[in-house]
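A quick write-up on the structure given underneath.
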Amino acid sequence: MNETNDQGRATPPPSRLFRKYLYSFVALAFAALAINTTLDVWFSYREQKQLLAAIQREQAASAAIQIGQFISQIESQLRWMSRLPPDLSAREDNRLNAIRLLRLSPAIAEIAQLDSRGREQVRVSRRVADRIGSNEDLSASPTFRATRASGVYYGPVYFVGETEPFMTLAIAGSGSEPDVAIAEVNLRFIWDLVARIKVGNTGKAYVVDRKGQLIAHPDLWPALRQTDLSADPDVKSGLAGIAPPASGMVKEDLSHQQVLSTYATVAPLGWLVFVELPLSEAYAPIYASIGRSAFLLVVLLGFAVLAALLLSRRMVVPIRMLTQGAKRIGSGDLEQQLAIKTDDELEALGDQFNRMAAHLRESYATLERKVTERTAELEKARDQALAEHSAAERARRAAVHANETKSRFLAVVSHELRTPLNGVMGVLQLLDDGTLSEAQRRSLATAATSGETLIALVDAILEYARLEASTEALERRDFRLDQLVEAAAELMRPQAQAKGLAFNLSCDAGVDAYVHGDPVRLNRVLLNLIGNAVKFTPKGTIDLTASVAPNDGALLLRFTVADTGIGIAPDMHERIFEDFVQADDSIARRFGGTGLGLAIARRLTRLMGGELTVESAPGSGSTFHLTVPLAPAEHNDAAHVARDPSHSFRVLLVDDDPVNCEVGEAMLQRLGHRPTVARNGSSAVALAASEPFDIILMDLHMPDMDGVAAATEIQKLKLQPAPRIIALTADVSKGARERLAGAGITKILGKPLLLNNLRETIESDHDEASVTARPAAGALIDQTYLRDQTELLGAAQIARLHGLLERTGATLIGEIAKAAEAGDRGRLARSTHQLGSAASALGLVRLSERCSEVELSAAAMSSAECRTAALELAALFEASLHALDRLLQPS
Ligand code: ADP
């Protein structure tokens, strides 16, 4: 029901409550009236029926009495006639008496007098002539006999002329020999009587004789036919002397009509007088009464409906007011007052509502006050929180700023360190043009070692910083996984064997595959793990296993390093992967190290999308699990070299440092390119605008216009073809990269400039395929590099360098052994650096890598480790020279 609509209308449709009340009232009134009327009708029906039965009984009884009297009268007249003893009365007297009697009683049609022997003395008749003294013997007649036997005789009804009913009535006189007076009585009187009886309008009375035959009926025909009713059950019970039921009987009359009937017995004759009234007439008053009652019922019902309407409206209107009031209170209108004036419970309820609304008003007011107070408190708290937040934000910004400052500081320091180092290293590389004496070369090597040590140091710190700043990017390429794993193992095997450890490597067939990943980083992690195992295992075995499983369309390398070493306490299992953490303080003393290895290893592993974990218990060895996802190789042959060295580029070298400019220029020339030098940003822009360049090598830190600004300006020139701009910087932080990308620089070349790096960067930029031109990881010699160097410097120069390397290498190995023996870590580092540098000049990558590792960790190495490292380097030097001999032998 749409209540809201109801409110707006003048006469709202009856509500459910209204209808309920209305129906209830009407139903109640109807029930009461109906019950009343039904009872009324029922009782009046019964009364009416009983009344009718009583009237009929009365009529029947009175008719019976009249008939009885009629017969009795005739009987007494006859008795009077026969009262005189026969001997005293003469026949003539009798005749006269008889004539007198006939005159007196018109119903008597004939009178006969019989003497005591049954002889007829007198017979006077209205129809025939009188007979006097005929003496006819009638003693045998049933009339005479029955009369003599019982003193009186009522004969059967018979008809004369078929229309007049007659009956013989005989009386015996008094005395011992009484006469018998016989009268033939005309019963028309009874007929008249019956016809006169008025039973309602259509009812009738009739008489049945002792034999059950109809002898008088208002309709003549049934009586004349002497209809036999002896079979009728009521006639039967009447003749048997049973009184009729007080309430009358309902039966079918001769014309098969339903009638209300009763009867009475005519005393002397044993006849029955029936009085019958058709039911239709008998009940007509009852039906009329029912009709009246029904009419009254309808009228009263109408009144009841009207009364119910009024009453319901009186009840529903205040209830509706209450409902609407409650609704308005529910919707927040507490000002509302209900004005119900019914002077009953509803008015009391309305008052309650008004009081409740007032209460609610008060409560709301209190609540609102509280809410206002609470809001004020909250606002205060919010302001405070905001103040705290902005303080925290300031602190955070300060921290971010500090971090950025640190990154900048690192970059600047590296730059400032690297710039002179760059110069030094470049000049040192150029100095050795093959004309130096042995002493000069040694001095040169020493200088180079010092420089490379410094570069390695700066690189180590930078790598760590880069990892920490999450800016380290992977350098992915194709490589042979089995070679990498085996090379790492082989590299460490001598160290393990030197300590008397069993050293086993088992690789699944799947490892024998070309894969795509970052072999340098992977190699570093493997070497770190194996190196730790060797380092922390005094005796027993080191087992390496490698397997490759399919992994979502790619490959998953699983590598484990299990040792029988000192083990790691459970609480350190996670901590050893943190920066600068060692299992306990004695480790540093006993084994040296910085606690950075595993931290870098894990970070590198995660950078590659893998995971590094450990299982270990103190005293029972450790097992490190490494998993690294790898892609299948992009090219089938990872050692494939596709590079055309004949490219000669026009290169604009932009650097504010004169040494760097010189070195860069010389290197570019050495690489066969055509360099032009600009000493600051603005002249670089001017040169770029006036001359076509293939490549611009842009130093970032310059006093007037920095590299990014200059690159941006050059981009704006929209040169065709656009030169590729390569940044020269040590700062590879994310921020720096983003800044560079904004200026259209996507390639970065680390400082100091190294010939190989320079060449690779320039050429790989030019020809993307050449990016893969890298040595097979773990190989002893970078053949590509060697070939390139041969091309660049000429076979004679390479052969000279080869000889030089053999000699200086042997000397350096000797020096390394001595330094290790003496525990002189400084000398060890220097010598290994020299060896590494010399090795790298001819592409002996594994030796050079190992040298730089030893060089970097020399300071922290124990004496035993130093000795092991020296032995290992000697073995690696031997192996590398053999490999180089084989490669350089003219085929
Ligand atoms: P470093 O070896 O330079 O101390 P790492 O980060 O490589 O640093 O290792 C951290 C520490 O973890 C080591 O100092 C050593 O206590 C423990 N550790 C690493 N590998 C092993 C191993 N195989 N057996 C026992 N302890 C080890």
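The values are calculated or read from the model by the stated rules, or taken from the named source; none is laboratory data. Fair warning: this is a prediction, and the values are worked out from it, not measured in the lab. Quick reminder, even Gly has a Cβ in these numbers, built from the backbone with ideal geometry, and neighbours come from all protein chains shown. What goes into the accessible areas is simple: the full protein's heavy atoms, side chains included, and nothing from ligands, DNA or RNA. Shrake-Rupley method; radii C 1.70, N 1.55, O 1.52, S 1.80 Å.
Using modelled amide H (1.01 Å from N, peptide plane; none on Pro or chain starts), what sits under 5 Å from the amide H of residue 653, excluding residues fewer than 5 places away? Answer set, sorted by chain and number: 676, 677, 678, 697.
Against the chain, whose longest principal axis is taken from its Cα atoms, helix 681-690 shows a tilt of about 90°. The apolar share of the surface of the chain, taken as the fraction of accessible area on carbon and sulfur atoms (1.4 Å probe, ligands and nucleic acids excluded), comes to 57 percent. With bins 20 Å wide beginning at 0, the percent of Cα pairs of the chain falling in each bin runs 10, 23, 11, 6, 8, 7, 7, 10, 10, 6, 1, 0.
Note on residue 351/residue 24: beta-carbon distance plugged into 1/(1 + (r/R0)^6) with R0 of 22 Å gives a FRET efficiency of 0.25. The charge dipole of the chain, taken about the Cα centre with unit charges on the Cβ atoms of Lys, Arg (+1) and Asp, Glu (-1), comes to about 4060 debye, rounded to the nearest 20. Once the chain from residue 722 to residue 362 is taken as fully extended at 0.36 nm per residue, the excess over their C-alpha distance is 121.5 nm. The stretch between residue 864 and residue 294, if pulled fully straight at 0.36 nm per residue, gains 192.0 nm over its current Cα-Cα span. Extending 7 Å from the Cα toward the beta-carbon at both residue 889 and residue 104 defines two label points whose distance is 19.7 nm.
For segment 193-327, the residue among 289, 237, 318 whose Cα projects farthest onto the positive side of the dipole built from Cβ charges is 318. On the basis of the beta-carbon distance and an R0 of 56 Å, residue 324 and residue 258 show a calculated FRET efficiency of 0.30.
Checking the Cα-Cα distances for 211/236; 718/747; 198/236; 327/370; 539/818 against a 21 Å cut-off, the pairs over it are 198/236; 327/370; 539/818.
When the helix-only estimate is applied to the chain (DSSP H runs of n ≥ 4, each -39,500 (n - 2.57), divided by the residue count), what is the mean residue ellipticity at 222 nm, nearest 500 deg cm²/dmol? Numbers along the way, then the final one.
Values: 25 runs with 488 residues, N = 891.
Dividing the helical sum by the residues of the chain leaves -19000 deg cm²/dmol.
Computed with a 1.4 Å probe over protein heavy atoms only, the accessible surface of segment 221-315 comes to 52 Å² per residue. Label zone (residue 176, point 7 Å along Cα-to-C-beta; backbone nitrogen cut-off 15 Å) within segment 97-126: 116-117.
Farthest towards the positive end of the charge dipole of the chain, among the residues 627, 44, 550, is the Cα of 44, using unit charges on the Cβ of Lys, Arg, Asp and Glu. For the chain, the longest principal axis of the C-alpha atoms and the axis of helix 825-841 are separated by about 90°. Relative to the longest principal axis of the Cα atoms of the chain, helix 438-468 runs at roughly 20 degrees.
Using a 1.4 Å probe, what is the accessible area per residue for segment 83-163, in Å²?
Values: 4470 Å² over 81 residues.
Roughly 55 Å² per residue, with all protein chains present.
Projecting the Cα atoms of 838, 376, 139 onto the dipole axis of the chain, where Lys and Arg carry +1 and Asp and Glu carry -1 at the beta carbon, places 139 farthest toward the positive end. Label zone (residue 810, point 7 Å along Cα-to-C-beta; backbone nitrogen cut-off 20 Å) within segment 854-878: 870-878.
Counting Lys and Arg as +1 and Asp and Glu as -1 over every other residue whose Cβ lies under 13 Å from the Cβ of residue 236, the net charge comes to 0.
Put a dot 7 Å past the Cα of residue 396, heading toward its Cβ, do the same for residue 50, and the two dots end up 10.8 nm apart. Amide hydrogen proximity for residue 724: with H placed 1.01 Å from N in the peptide plane, the residues at 5 or more positions away or on another chain lying under 5 Å are 695, 696. Phi-derived couplings, Karplus 6.51 cos²θ - 1.76 cosθ + 1.60 at θ = phi - 60°, listed residue by residue for segment 857-869: 9, 3, 4, 9, 7, 6, 4, 4, 4, 4, 5, 4, 4 Hz, with x used for Gly and Pro.
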